[in-house]
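Beneath this line is the structure, given in structure tokens, with notes to follow.
The values are calculated or read from the model by the stated rules, or taken from the named source; none is laboratory data. Worth saying up front: this structure is predicted, and the values here are computed from it rather than measured. When we count neighbours, we look across all protein chains shown, and the Cβ atoms used for this are built from the backbone with ideal geometry, even at glycine. Only protein heavy atoms, including side chains, enter the accessible area calculation; ligands, DNA and RNA are left aside. Shrake-Rupley method; radii C 1.70, N 1.55, O 1.52, S 1.80 Å.
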Amino acid sequence: MRNRRMSIGAASVVVVGVDSKGMGLIRECLGTEAVLPTHSTPFLEAAQVVRKTRPNVVVMGFDQDFDGAVRLGPSLKREVPNLHMVAISERTDPERIRAAMRAGYQEYVVLPEDGDLLRRAVHEAAHGGEGGGETGTVVAMVGSKGGCGVTMLTVNLAAELSPVYRVCVADMDFSMGDAAAFLDLQPSSNIYDLLRGLDRLDERVLAGNVAVHPSKVHVLAQPTELMDLEEIRGEDTLAILRSAAEAYQYLLVDCGGRIDESTHMVTTVADVVILVTTPGVVAVKNAWRRLQLMLRLGIEKDQIRLVVNQWDKNAELTRADIENNLGLPVAATIAADFPTCQRAVNLGRLLRDVDKRSPTLRDISAAVALITERAERVETETSKASFWGLFKS
Ligand SMILES: Nc1ncnc2c1ncn2[C@@H]1O[C@H](COP(=O)(O)OP(=O)(O)O)[C@@H](O)[C@H]1O
Ligand SMILES: [Mg+2]
């Protein structure tokens with residue numbers, strides 16, 4: 001997960017750009033958890049104070065001067081690279097949260113509601129966190145539109161990783177996600193249960209809310225009933241991602257074709273974004289829109305891997321067409337194999353449990369390197385010219 005670092009030792013806290021009321025709230029919330037300064041440091045002096053005192057945590061007020069607070073983030077981080085930075089505000093605002101994340105703030109806390117989060121952040125900075133400070137790789141799996149095969153790729157990529165790594169699939173495609181169904185799991189709880197108990201969320205709670213597949217892939221399922229999706233705030237998504245990234249080495253988040261606050265947050269903090277499209281005109285056009293949106297959100301091109309699924313030689317568009325249209329290299333092509341994929345979906349099985357020799361599976365296996373090695377491009381069966389020769393005549 002990006003922008004997430006911890007330090008070990010006693011917590012020292014510097015508070016910047018907060019008025020006396022804010023100082024009162026921070027003091028009340030942290031209690032004995034940290035030794036607090038008597039007053040807040042003005043923006044202009046922040047870099048100097050941080051350089052001199054080298055604190056574990058900076059608590060930055062975001063209400064007095066938002067742009068100033070954002071600008072300070074990277075420069076404070078340069079002063080003390082493992083500084084834990086917490087943004088505090090009186091209100092929640094998705095745009096602001098994302099800007100804070102991009103500037104290197106690990107938490108965005110609304111006081112007094114999220115007091116627990118601030119307390120925990122400071123506690124973890126002091127004690128190195130339960131996971132010893134290591135966090136897993138967060139992979140956002142994003143479709144150009146529904147039906148591109150995001151869930152198919154997510155669960156089967158996860159199953160390729162699970163023999164070696166601790167892997168979790170989080171299903172954030174609330175409109176039509178189905179990761180649990182793809183694995184024939186009947187989860188007894190889901191992400192919504194976590195959302196209701198965020199103040200208690202830790203590794204143990206998380207472990208009690210995931211469904212476990214025999215492949216050792218863990219699944220954080222979506223609610224079975226459609227809920228009021230507007231309720232999910234960016235910072236709640238962040239809290240779930242954060243604890244999952246602490247518990248697992250790889251967290252694959254199925255965002256489907258959905259564009260909402262949760263999926264924005266996932267793509268913002270993801271280490272790698274896999275943008276999945278099919279080689280059709282409409283899908284590629286949507287991929288372009290999605291890409292522009294991600295670039296506007298500040299996601300860098302080199303974090304994005306474009307994967308073309310359901311690839312076959314009669315595709316509407318060629319690889320070159322797609323690359324020219326999107327201005328992005330195709331990182332992997334995944335062969336179409338409709339009978340096997342359909343069977344896998346109908347039976348709720350992994351591709352490898354339906355047909356080990358499926359070309360889709362072989363290409364997915366090769367595509368794992370996009371995640372584990374951050375490869376920019378992988379050679380799959382379908383990207384080799386000779387491959388189609390097998391099907392000729
Ligand atoms: N490589 C593939 N070849 C053939 N069919 C595929 C492939 N990938 C996915 N599918 C099929 O496409 C349909 C949609 O896949 P799904 O993973 O549910 O898409 P999404 O999650 O993007 O909505 C499923 O019926 C699945 O069997
Ligand atoms: Mg899906």
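Things to note:
- Leu306 meets the conditions (1) open to solvent by 10 Å² or more (accessible area, probe 1.4 Å); (2) more than 22 Å from Gly136 (Cβ to Cβ); (3) more than 13 Å from ligand 1 (Cβ to nearest atom) in every case but one. The failed one is (1).
- Filter pass, Val212 being buried (at least 16 other Cβ atoms within 10 Å of the Cβ) and touching a strand residue (DSSP E or B) at 6+ places or on another chain (Cβ under 9 Å): no
- For Pro223: the one exception among (1) at pLDDT below 80; (2) open to solvent by 30 Å² or more (accessible area, probe 1.4 Å); (3) more than 19 Å from Ala270 (Cβ to Cβ); (4) not small (Gly, Ala, Ser): (2)
- The single condition from (1) open to solvent by 10 Å² or more (accessible area, probe 1.4 Å); (2) within 14 Å of Thr237 (Cα to Cα); (3) in contact with a strand residue (DSSP E or B) (Cβ under 9 Å, 6 or more places away or on another chain) that Ala170 fails is (1).
- Residue in the stretch 236-283 that is nearest to ligand 2 (Cβ to nearest atom), counting only those that are among the acidic types (Asp, Glu) and outside any helix (DSSP H, G or I): Asp254
- As a summary of the residue check, Ser7 satisfies the conditions (1) at pLDDT below 90; (2) of a type outside the set (D, E, K, R); (3) open to solvent by 20 Å² or more (accessible area, probe 1.4 Å) except for the one numbered (3).
- Pairs with Cβ under 7 Å, 6+ apart, first in the stretch 354-367 and closer than 9 Å to Thr340 by Cβ, second acidic (Asp, Glu) and part of a helix (DSSP H, G or I): Pro359/Glu381
- For the stretch 339-350, the criterion of being modelled with pLDDT of 95 or more, outside any helix (DSSP H, G or I) and within 9 Å of ligand 1 (Cβ to nearest atom) is met by no residue.
- Test for Asp173: is it more than 15 Å from Ser262 (Cα to Cα), in a loop (DSSP other than H, G, I, E, B) and either within 16 Å of ligand 2 (Cβ to nearest atom) or in contact (Cβ under 8 Å) with a residue 60 or more places away in the chain (or both): no
- Residue ID - modelled with the highest pLDDT, chosen from residues in the stretch 109-167 that are open to solvent by 40 Å² or more (accessible area, probe 1.4 Å), in contact with a helix residue (DSSP H, G or I) (Cβ under 7 Å, 6 or more places away or on another chain) and assigned to a helix (DSSP H, G or I): Glu160
- Restricting the stretch 314-338 to residues that are within 14 Å of ligand 1 (Cβ to nearest atom) and within 23 Å of Leu370 (Cβ to Cβ) leaves a set whose member that is modelled with the lowest pLDDT is Ala315.
- Scanning the stretch 57-85 for residues that are surrounded by fewer than 23 Cβ atoms within 10 Å (Cβ to Cβ) and not in a helix (DSSP H, G or I) yields Asp63, Gln64, Asp65, Val80, Pro81, Asn82, Leu83.
- Pair list, Cβ < 6 Å and 6+ apart or interchain, from the stretch 62-73 residues that are farther than 18 Å from Glu107 by Cβ to residues that are small (Gly, Ala, Ser): Gln64/Gly17
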